[in-house]
Amino acid sequence: MLKVNRNIVTLDEFTINQLRTFSAATGELSALLRDIGLAAKRVHVEVNKAGLVDILGDTGEINVQGEAVKKLDVYANNQFVGVLKHGVSCAGVASEELDDILPFNEVVSNKSKYVVLFDPLDGSGNIDVNVSIGTIFSIYNRKTALGTPADLQDFLQPGSQQIAAGYIIYGSSTMFVYATKLGVNGFTLDTSIGEFCLSHPNIQCPAQGQFYSVNNGNFYEYNKGVQEYIDRCQRKDKSNGGPYSQRYIGSMVADVHRNLMKGGIFMYPATIKKPNGKLRLLYECNPFAYIVEKSGGMATNGQNRILDIIPTELHQRTPLFIGSKNMMTELNECVMSK
Ligand code: P6P
């Protein structure tokens, strides 16, 4: 009698099981998440041997962000573009590494109902020093007619319209975390079988945490409301939970993932040098805002809900405050009135 270990639920089994709850589902979203998982496995292999092969360092190119492009950035971008272009569920992509949208514009892709935006390897400045990095992705229903090439309007949608959003963190283990309207679930890569396996079902962001994440080096560039909140984080006494610990590793995926799992708040406020903040709305802030809200947390730009922002440009930036509900509520008391 074949003993089937039913305790292990793979990403593919999980997404197929979820689509069974939607009678009208076509299986395209499940196929899309499988494609993203495949590219992530390939990136995992290279990230985990980056120190051994000549894939470290810069390509000598500068991307649309004006940042030095690491070889692994280019590799990761090519993997995600490749699997999505050759799949059957994506009409086109937008990437931090590409100046403009990339409509695949061929018969099968043009019939696909989804477009995908992603940051293929966020935190890549940390590659050479072995700090966790990640991929961030966002999935929308296209607005343009099926059968036609994807267009910019398919990508410039508010985050509230996302069908799904997720990230892969390449850390002590490689985890695939994604959210749909049904909730947030985490899958850990079991390299012995080459599958992402359900390890963190129904992730809930704790309403209160002990970590605040911000670049304190910019403190005197932040507005008074943000400075007041940071001051509160440091002055808390035992009666209200004690002072928080500052945890900031300079890799958004790692910082937000920790706060999502344990509770905490991550901030990348506007600064004098970066009046719109540093982080990108479409493929960094929107996906994480969707994930954190679906797990019970909150995400704003200091004034408005991130998911309500109507995008006007592909690579536009936004200040970001994201995390535990109670901590975000206290932050809002400081910044909303300023
Ligand atoms: P700073 C990495 O370059 C990144 O985009 C995010 O992953 C990270 O949270 C942020 O920048 C760190 O920026 O200005 O604090 O070094």
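The values are calculated or read from the model by the stated rules, or taken from the named source; none is laboratory data. Since the model is a prediction, treat every value here as computed from it, not as a measurement. Because the Cβ atoms are built from the backbone with ideal geometry, glycine has one as well, and the counts that use them run over all protein chains shown. Surface accessibility is based on the protein's heavy atoms, side chains included, excluding ligands, DNA and RNA. Shrake-Rupley method; radii C 1.70, N 1.55, O 1.52, S 1.80 Å.
My understanding is that a pair violates if its Cα-Cα distance is over 22 Å; which of Lys236/Lys325; Lys262/Lys294; Lys113/Lys325; Lys71/Lys113 do that in this structure? Don't jump to the answer; show the numbers that get you there.
Values: Lys236/Lys325 17 Å; Lys262/Lys294 16 Å; Lys113/Lys325 34 Å; Lys71/Lys113 32 Å.
Violating the 22 Å limit, Cα to Cα: Lys113/Lys325; Lys71/Lys113.
Go through Phe196, Leu72, Gly183 and say which Cα lies farthest out towards the positive end of the charge dipole of the chain; charges sit on Cβ, +1 for Lys and Arg, -1 for Asp and Glu.
Of Phe196, Leu72, Gly183, it is Gly183.
Among Asp237, Asp151, Asp308, whose mean-square fluctuation peaks in a Gaussian network model of the chain (Cα, cutoff 10 Å)?
Highest fluctuation of the listed residues: Asp237.
Expressed as a rounded percentage, what relative contact order does the chain have, with Cα pairs under 8 Å and six or more residues apart?
Once divided by the residue count of the chain, the mean separation gives 15 percent.
Using a 1.4 Å probe, what is the accessible area per residue for the chain, in Å²?
44
Taking the Cα centre of the chain as origin, work out the dipole magnitude from +1 charges on Lys and Arg Cβ and -1 charges on Asp and Glu Cβ, in debye rounded to 20. Intermediate values should be presented prior to the final figure.
Values: 32 positive and 33 negative charges, 211 e Å.
That gives the chain a dipole magnitude of about 1020 debye.
By how many nm would the segment from Phe219 to Phe22 lengthen if fully extended, with 0.36 nm per residue of separation less the alpha-carbon distance?
That works out to 66.1 nm of additional length.
If you bin the C-alpha pair distances of the stretch 212-280 every 10 Å from 0, what whole percents do you get?
All Cα pairs, binned at 10 Å, distribute as 20, 50, 28, 3 percent.
Calculate for the chain the 222 nm mean residue ellipticity that helices alone would give, adding -39,500 (n - 2.57) per DSSP H run of length 4 or more and normalising by residue count, nearest 500 deg cm²/dmol.
Counting only the DSSP helices, I get -8500 deg cm²/dmol.
Please report, as a whole percent, how much of the solvent-accessible surface of the chain comes from carbon and sulfur atoms (probe radius 1.4 Å).
Working: 7560 of 14710 Å².
Ligands and nucleic acids excluded, carbon and sulfur give 51 percent.
Quick one: putting +1 on the C-beta of Lys and Arg, -1 on the C-beta of Asp and Glu, what dipole do you get for the stretch 11-200 around its Cα centre, in Debye to the nearest 20?
It comes to approximately 720 debye.
Using a Gaussian network for the chain with springs between C-alpha atoms less than 10 Å apart, which of these wobbles most: Cys90, Cys197, Cys205?
Cys197
Of Asn259, Leu320, Thr271, which is farthest along the charge dipole of the stretch 211-335 in the positive direction, counting Lys and Arg as +1 and Asp and Glu as -1 at C-beta?
Value: Asn259.
Between Ala207 and Glu313, what is the label-to-label distance in nm when each label sits 7 Å out along the Cα-to-Cβ direction?
4.0
The chain: D in µm²/s via Stokes-Einstein (Kirkwood Rh, Cα pairs, 20 °C, 1.002 mPa s)? Walk me through the numbers before you get to the answer.
Values: Rh = 20.4 Å.
This corresponds to a translational diffusion coefficient of 105 µm²/s.
What number comes out for the charge environment of Gln316, summing +1 per Lys or Arg and -1 per Asp or Glu over other residues with Cβ under 13 Å away?
Result for the neighbourhood of Gln316: +1.
Using +1 on the beta carbon of Lys and Arg, -1 on that of Asp and Glu, and nothing else charged, what's the dipole of the stretch 211-335 about the Cα centre, debye to 20?
About 260 debye.
Among Ser89, Ser192, Ser109, whose mean-square fluctuation peaks in a Gaussian network model of the chain (Cα, cutoff 10 Å)?
Of Ser89, Ser192, Ser109, the Gaussian network model singles out Ser192 as fluctuating most.
If the chain between Glu61 and Thr329 were fully stretched, how many nm would it gain, using 0.36 nm times the residue separation less the Cα-Cα distance?
92.3 nm
Which of rounded, prolate or oblate describes the stretch 11-200 when judged by the alpha-carbon gyration tensor and an a/c cut-off of 1.5?
Verdict is oblate for the stretch 11-200.
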